[in-house]
Amino acid sequence: MKIALVTGANKGIGFEVARQLAAHDFHVFLGARNRTAGEKSARAIAGKATVVQLDVTDPESVRTAARQIDQLDVLVNNAGIIVDGDENVLTLEAETVRRTLETNTLGALRVAQAFAPALAKSGAARIVNVSSRGGQLSEMGTWSPAYCISKTALNAVTCQLAAALSDKAIAVNSACPGWVRTDMGGSNAPRSAEEGADTIVWLATDAPHSLTGKFFAERQEIPW
Ligand SMILES: NC(=O)c1ccc[n+]([C@@H]2O[C@H](COP(=O)([O-])OP(=O)(O)OC[C@H]3O[C@@H](n4cnc5c(N)ncnc54)[C@H](OP(=O)(O)O)[C@@H]3O)[C@@H](O)[C@H]2O)c1
């Protein structure tokens, strides 16, 4: 049975990705910074999920989680925050950017570094970084500057990891789920969590393994 780890999997898109991977016959490690919240979600994926306490901003938490998982086929770096919205880049507090980068960018990098040895044992592993069209340089506007900057930087992490891990047969891609009804996306978003998870799960399972170092939405490559 293949093994997957999804960060921030206690709710939202992460939980739905975990649920769909379990349906694809994966055993899924549900990463949750709050174990109780993770266990509640794991019960909904009966028998095919194990909770692992994982705060992506805490190096010790990441190291402890990595010691519990010897071999891994799929890593989905899904955990993310948005703490700015209508803020203006000209008055944005550096602390807001730092806090957002710590989770959305460095969190994903930290987890990938810690689990790279376990992924290398797979022979055909995949990392999916859950990014956002908000991070597209080609479409950059003024909305949520800290969040968008963190997702642009996450996309750079994707490219760096793809190049560094190609000789270990680990494919690394970014995916945008679209605007999705979750605590982050709000109730007005047009897409369900199921729809939002689709491209992420496709990259984690059925997409050609030769696709690496790219950015996808709706199963199509999109510009950086
Ligand atoms: N929703 C959208 O419209 C949308 C659009 C584009 C991209 N995305 C991306 O999709 C991903 C999932 O978003 P979502 O909409 O499902 O958001 P969500 O409902 O707010 O869920 C976010 C998840 O990330 C976890 N998380 C936050 N900080 C963490 C940390 N330091 N360590 C571990 N886990 C942490 C949360 O845990 P807690 O429950 O403990 O807070 C939660 O499980 C994010 O990367 C987001 O940027 C979402």
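Restricting attention to region 166-191, and to residues there that are surrounded by 14 or more Cβ atoms within 10 Å (Cβ to Cβ) and polar (S, T, N, Q), which single residue is farthest from GLY80 (Cα to Cα)?
Of all residues in region 166-191, those surrounded by 14 or more Cβ atoms within 10 Å (Cβ to Cβ) come to 168-182, 184-185, 189, 191.
After this cut, where a residue has to be polar (S, T, N, Q) as well, the list is 173-174, 182.
Working: ASN173: 16, SER174: 14, THR182: 12 Å.
If we take residues in region 166-191 being surrounded by 14 or more Cβ atoms within 10 Å (Cβ to Cβ) and polar (S, T, N, Q), then ASN173 is farthest from GLY80 (Cα to Cα).
Within region 46-58, identify whether any single residue is of a type in the set (Asp, Glu) and more than 15 Å from the chain's Cα centre (by Cα), and answer yes or no.
The answer is yes, given that some residue of region 46-58 is of a type in the set (Asp, Glu) and more than 15 Å from the chain's Cα centre (by Cα).
When you scan region 49-63, do you find a residue that is surrounded by fewer than 23 Cβ atoms within 10 Å (Cβ to Cβ), at pLDDT below 95 and either of a type in the set (A, V, I, L, M) or closer than 21 Å to ILE3 by Cα (or both), even just one?
Within region 49-63 (the criterion being surrounded by fewer than 23 Cβ atoms within 10 Å (Cβ to Cβ), at pLDDT below 95 and either of a type in the set (A, V, I, L, M) or closer than 21 Å to ILE3 by Cα (or both)), the answer is no, since none of the residues qualifies.
Which one is farthest from the chain's Cα centre (by Cα), of the residues in region 67-109 that are part of a helix (DSSP H, G or I) and crowded, with 23+ Cβ neighbours inside 10 Å?
Out of the qualifying residues, it is THR100.
Listed here are the residues, each with its yes/no results for (1) over 19 Å from SER144 (Cα atoms); (2) over 15 Å from the mean Cα position of the chain (by Cα); (3) aliphatic (A, V, I, L, M); (4) within 15 Å of the ligand (Cβ to nearest atom).
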residue	(1), (2), (3), (4)
GLY8	yes, no, no, yes
GLU16	yes, no, no, yes
PHE26	yes, yes, no, no
ALA65	yes, yes, yes, yes
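Kindly evaluate SER192 against the criterion of being over 16 Å from ALA18 (Cα atoms), among the hydroxyl-bearing types (Ser, Thr, Tyr) and more than 7 Å from the ligand (Cβ to nearest atom).
Spelling it out, it is not the case that SER192 is over 16 Å from ALA18 (Cα atoms), among the hydroxyl-bearing types (Ser, Thr, Tyr) and more than 7 Å from the ligand (Cβ to nearest atom).
Filter region 192-204 down to the residues that are buried (at least 16 other Cβ atoms within 10 Å of the Cβ) and either in a loop (DSSP other than H, G, I, E, B) or of a type in the set (Phe, Trp, Tyr) (or both) and list them by number.
TRP202 - this is the single residue of region 192-204 that is buried (at least 16 other Cβ atoms within 10 Å of the Cβ) and either in a loop (DSSP other than H, G, I, E, B) or of a type in the set (Phe, Trp, Tyr) (or both).
Out of all the residues in region 205-220, is one or more closer than 19 Å to PHE29 by Cα, surrounded by 21 or more Cβ atoms within 10 Å (Cβ to Cβ) and more than 10 Å from the ligand (Cβ to nearest atom)?
No, region 205-220 contains no residue that is closer than 19 Å to PHE29 by Cα, surrounded by 21 or more Cβ atoms within 10 Å (Cβ to Cβ) and more than 10 Å from the ligand (Cβ to nearest atom).
Which numbered condition trips up ALA18, out of (1) at pLDDT 95 or above; (2) surrounded by fewer than 22 Cβ atoms within 10 Å (Cβ to Cβ); (3) in a helix (DSSP H, G or I)?
Looking at each condition in turn, ALA18 falls short on (2).
Which one of SER122, SER150, SER187 is within 12 Å of the ligand (Cβ to nearest atom) and in a loop (DSSP other than H, G, I, E, B)?
Answer to the check: SER187.
Considering only region 125-147, state which residues are aromatic (Phe, Trp, Tyr) and not in a helix (DSSP H, G or I).
Result: TRP143, single match.
Six or more apart or on different chains, Cβ under 6 Å: which pairs go from a residue in region 175-190 that's within 21 Å of THR158 (Cα to Cα) to one that's aromatic (Phe, Trp, Tyr) and surrounded by 19 or more Cβ atoms within 10 Å (Cβ to Cβ)? Could you list them?
ALA175/PHE216
Picking from ALA32, ALA37, ALA46, which residue would you name as being hydrophobic (A, V, I, L, M, F, W, C), surrounded by fewer than 21 Cβ atoms within 10 Å (Cβ to Cβ) and within 9 Å of the ligand (Cβ to nearest atom)?
Criteria check complete, one pass: ALA37.
The values are calculated or read from the model by the stated rules, or taken from the named source; none is laboratory data. Remember, it's a predicted structure, so these values are computed and weren't measured experimentally. Every residue, glycine as well, gets a Cβ built from its backbone with ideal geometry; the counts of neighbours run over all protein chains shown.
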